[in-house]
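In what follows, a structure is listed as structure tokens, so that the remarks can point back to it.
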Amino acid sequence: MAKLKLALYWAGACGGCDVAVLDINEKILDVAALADIVFWPIALDFKYHHVEAMPDKSIDVCLFNGAVRSSEQEYIAKLLRAKSKTMVSFGSCACFGGIPALANFTSRAEIMQRAYIEAPSNDNPGKTLPQTRTKVAEGELELPELYESVFTLAQVVDAEYFVPGCPPTADLILKVVDALATNKLPPPGAVIAADKTLCDECPRKKDEKSISKIVRSHQIIPEPERCLLEQGMICCGPATRGGCGALCIKVNMPCRGCFGPTAGVVDQGAKLVSSIASIYQANNEDEVARMVGEMVDPAGTFYRFGAANSILRKRRFQGH
Ligand code: SF4
Ligand code: SF4
Ligand code: SF4
């Protein structure tokens, strides 16, 4: 069988998804036997012009990680889409916006102000902000444009498959490699993870008890066998797709929701709010207000990984 041509790219990403590919350890040799890597900026010295010179659809599979929030990332997403037969949205940032999409709760102007003017490590007396074009003696320098919003990959180009996780686990990556090797990929549009919620694969006991107090991870040492949500911790399990093997739960930490919503759930955050509200026990408005006050950073809690993919998508500012 002819070797596949494989591309990997990181857009608005932390690099963890690329490292996760290496986390499959010696199985990386199976990948090398299966595919020739034709583009992987974090690991190999390919340039964009190498990709531009490739015929359309000459890459068999592209694993694209990271969200899209700049003109450069949008350009490469469209370029790789044109050159690839199969585009895989790889990791939570590409699938749902991920951590970078928390920036959708603020504006580009506020980000620039904080990063280049207010941050204590800055030395910028002229309050200079990055420009897309700057003339210098040697010519004109160009920087990509930072967009007002963070987008998922599928909001920019079509993607055939979705592999969630921050980052995807080694098991899931091997599942993808195996499906490629045996030519047994699921129908396009599939999310390569479990179909059920994380609660369905969680080994903890649920007593269907209501809660009257919300606690954060550092405030209690949870009982190891009882449901964390029923111990007052915000666990995103009821609103999150399974498939990670309950990784966080097994080390006594609540799920943060990195596998995104299950099929049919339009908005992971709204689903989570509804799940938590259903076990809240508050007898009057004061108790409701107290419990809401105990929840630090609700937007960041309910939309930690899914802001770009949510119904909210972006905070609206006056005048916009
Ligand atoms: S999904 Fe997680 S590990 Fe992957 S790039 Fe985004 S933040 Fe990093
Ligand atoms: S809420 Fe969390 S701890 Fe409770 S069953 Fe679901 S995944 Fe497990
Ligand atoms: S338990 Fe939740 S946050 Fe942790 S890896 Fe699984 S889906 Fe992601």
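Shape call for the chain from the C-alpha gyration tensor, a ≥ b ≥ c root eigenvalues: rounded (a/c under 1.5), prolate (a/b greater than b/c) or oblate? Taking the square roots of the gyration eigenvalues as a ≥ b ≥ c, the chain is oblate. About its Cα centre, the chain has a charge dipole of approximately 360 debye under the convention of +1 per Lys or Arg Cβ and -1 per Asp or Glu Cβ, with nothing else charged. For q = 0.11, 0.15, 0.19, 0.20 Å⁻¹, what log10 I(q)/I(0) does the range 163-275 give under the Debye formula with an equal point scatterer on each alpha carbon and no solvent? Debye curve over Cα of the range 163-275, log10 I(q)/I(0) at q = 0.11, 0.15, 0.19, 0.20 Å⁻¹: -0.39, -0.67, -0.98, -1.06. Here the range 50-142 has 55 percent of its accessible surface on carbon and sulfur atoms, given a 1.4 Å probe and all protein chains in place.
What is the Cα radius of gyration of the range 1-72 over 2.2 N^0.38 Å, N being its residue count?
On the way: Rg = 12.7 Å, N = 72, 2.2 N^0.38 = 11.2 Å.
Against the empirical 2.2 N^0.38 Å value, I get 1.14 for the range 1-72.
May I ask which of Lys3/Lys78; Lys175/Lys205; Lys213/Lys250 have a Cα-Cα span longer than 26 Å here?
Details: Lys3/Lys78 24 Å; Lys175/Lys205 29 Å; Lys213/Lys250 23 Å.
Checking Cα-Cα distances, Lys175/Lys205 exceed 26 Å.
Could you state the accessible area per residue of the range 81-230 in Å², with a 1.4 Å probe and every protein chain left in place? Before the final figure, lay out the partial values.
Values: 8550 Å² over 150 residues.
Value for the range 81-230: 57 Å² per residue.
Only one residue of Asn284, Ser149, Leu102 has its Cα farthest out toward the positive end of the dipole of the chain, where Lys and Arg carry +1 and Asp and Glu -1 on Cβ, and that residue is Asn284.
All C-alpha to C-alpha distances of the range 39-190, sorted into 5 Å bins beginning at zero, yield P(r) values of 2, 8, 14, 17, 18, 15, 11, 7, 5, 3, 1, 0 percent in whole numbers.
Per the helix-only calculation at 222 nm, which mean residue ellipticity applies to the chain, given -39500 (n - 2.57) for every DSSP H run of n ≥ 4 and division by its residues, nearest 500 deg cm²/dmol?
Working: 12 runs with 89 residues, N = 320.
Value at 222 nm, helices only: -7000 deg cm²/dmol.
Counting only heavy atoms of the protein chains, get the accessible area per residue of the range 232-286 (1.4 Å probe) and round it to a whole Å² value. Intermediate values should be presented prior to the final figure.
Working: 2370 Å² over 55 residues.
Per-residue accessible area for the range 232-286 comes out at 43 Å².
Given a 1.4 angstrom probe, what's the average accessible area per residue across the range 1-70, in square angstrom?
Details: 3430 Å² over 70 residues.
For the range 1-70, the per-residue accessible area is 49 Å².
Ligands, DNA and RNA left out, the 1.4 Å accessible surface of the range 193-320 is 53% carbon and sulfur atoms. Working from label points 7 Å from Cα in the Cα-to-Cβ sense, the Tyr116 to Leu141 distance is 1.1 nm.
Summing +1 for each Lys or Arg and -1 for each Asp or Glu among the other residues whose beta-carbon sits under 12 angstrom from that of Gly243 gives -1.
Are there GluC sites (Glu not before Pro) in the range 115-167 that DSSP puts in a loop and that have at most 12 other Cβ atoms within 10 Å, and which ones?
Details: sites: Glu118, Glu138, Glu140, Glu142, Glu145, Glu148, Glu160; in loops: Glu138, Glu145, Glu160.
Those that pass, being in a loop and sparsely packed, are Glu138.
Suppose R0 equals 41 Å; then what is the FRET efficiency for Asp123 and Arg315 from their Cβ-Cβ distance, rounded to the nearest 0.05? Here the calculated transfer efficiency is 0.85. Annotation: amide H of Lys196 within the under-5 Å range of Gly242, sequence separation 5 or more or interchain, hydrogens built in the peptide plane.
The values are calculated or read from the model by the stated rules, or taken from the named source; none is laboratory data. Note that the structure is predicted; figures quoted are calculated from it, not measured. Glycine also receives a Cβ, built like all others from the backbone with ideal geometry; neighbour counts cover every protein chain displayed. For the accessible areas, the whole protein counts, side chains as well, though only heavy atoms, and no ligand, DNA or RNA atoms are used. Shrake-Rupley method; radii C 1.70, N 1.55, O 1.52, S 1.80 Å.
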